[in-house]
1. Starting at the first residue of region 140-155, write each ³J(HN,Hα) from the Karplus equation 6.51 cos²θ - 1.76 cosθ + 1.60 with θ = phi - 60°, in whole Hz, x for Gly and Pro.
2. What is the packing order of peptides 146-159, 64-77, taking the mean over residues of other C-beta atoms within 10 Å and listing the highest first?
3. Restricting to the chain, compute how many DSSP beta bridges are antiparallel as a %, nearest 5.
4. Where the Cα atoms of region 84-201 are projected onto their three principal axes, how long is each span, largest first, in whole Å?
5. Between E239 and E143, what length in nm is gained on full extension when 0.36 nm per residue of separation is reduced by their alpha carbon distance?
6. Pick out, from V192, Q72, L233, the residue whose Cα sits farthest towards the positive end of the charge dipole of the chain, with +1 on the Cβ of Lys and Arg and -1 on the Cβ of Asp and Glu.
7. Please tell me the relative contact order of region 121-192 in percent, rounded to the nearest whole number, where contacts are Cα pairs under 8 Å and at least six residues apart.
8. Based on the alpha-carbon gyration tensor of region 126-170, what equivalent-ellipsoid semi-axes (square roots of 5 times the eigenvalues) come out, in whole Å, largest first?
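The values are calculated or read from the model by the stated rules, or taken from the named source; none is laboratory data. The structure presented is a predicted model; accordingly, all values stated were derived computationally and were not measured. Every residue, glycine among them, receives a Cβ derived from its backbone with ideal geometry; neighbour counts consider all protein chains shown. We work out accessible area using only protein heavy atoms, side chains counted, and drop any ligands, DNA or RNA first. Shrake-Rupley method; radii C 1.70, N 1.55, O 1.52, S 1.80 Å.
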Amino acid sequence: MSATRKHTALPKARILIEALPWLTRHSGKTVVIKFGGNAMIDEDLKAAFAQDVVFLRQAGLNVVVVHGGGPQISAALDRHGIVSEFKAGLRVTTEDAMDVVRMVLAGQVQRELVGLLNQHGPLAVGLTGEDAHTITATKHQPEIDGELVDIGRVGEITAIDTGAIEALLADGRIPVVSSIARSQDDHHVYNVNADTAAAALAAALDAETLMVLTDVEGLYEDWPNSDEVISRLTASQLEKLLPELSSGMVPKMQGCLHAVRNGVQNARVIDGRVQHSILLEIFTDEGIGTMVVPDAEEGDAV
């Protein structure tokens, strides 16, 4: 019996040892994780995500979670009889729609995530970009066919104040941030893209890592002709690929590019459909997604 127990525990010990260099190197560093996609909807994936985040916190990292809530917002707008319309990949957000967006993000998605994290201890604290001027924005007007288009209360981030988040991290908490911003120039609020918000916060916090959960395996080499995932690329290599990417991947990869060009050591796009994808990506030698690094740190071709 004793020999059997030793034998079955050995793989666990090896996995822990594989994580040791990472733990040593990253203890005390900050990681910003953008929570989204299927991981937000599937109950098992949600629970696994919460476990991963708490594990990182207990392993000595400062963890900040940023979330959107596209599917939940669409469902709530349907219930309120408000039509969902998208332009340039962004949700057109009328005043009525903004009320629903705010309610869903801060009152539903954030509350559920905070609750899942706090099953493991008094760790998570929810806030929105409105709180303590964490995220400030002005009206974003995308350009379509050479013309600026009005898409309502959609914001472009102009400033980040990390004071409230840093105070929570210093107190050992896990800030959970909803992607809503205060307005720089009126008394309203803005809906901001959660990928963009996560990248801006990662840069402002001088984070070690930005992690973006997606519903794909990573950035594909030659989609749709190939499902080969690019495991690592530099900021310049990513910049060249941006015009060829699908609209859904553009804000994610633009966020990664912004992060590594503004002090973040690496940005990773990982498959949120895989249970414990965060731990698989950072604690194993292989990794499972696409990592973007600053130009100066990658001399080799991908």
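1. 9, 10, x, 9, 10, 6, x, 10, 6, 10, 7, 10, x, 7, 9, x
2. Per-residue Cβ counts within 10 Å, averaged per peptide and sorted highest first, yield 64-77, 146-159.
3. Antiparallel: roughly 35 percent of the beta bridges in the chain.
4. Extents along the principal axes, in whole Å: 50, 26, 24.
5. Working: separation 96, 0.36 × 96 = 34.56 nm, distance 1.92 nm.
Difference between extended and current length: 32.6 nm.
6. In the chain, that residue is Q72.
7. Details: 142 pairs, mean separation 30.6, N = 72.
Rounded, it is 42 percent for region 121-192.
8. Taking √(5λ) for each eigenvalue gives 30, 9, 7 Å, largest first.
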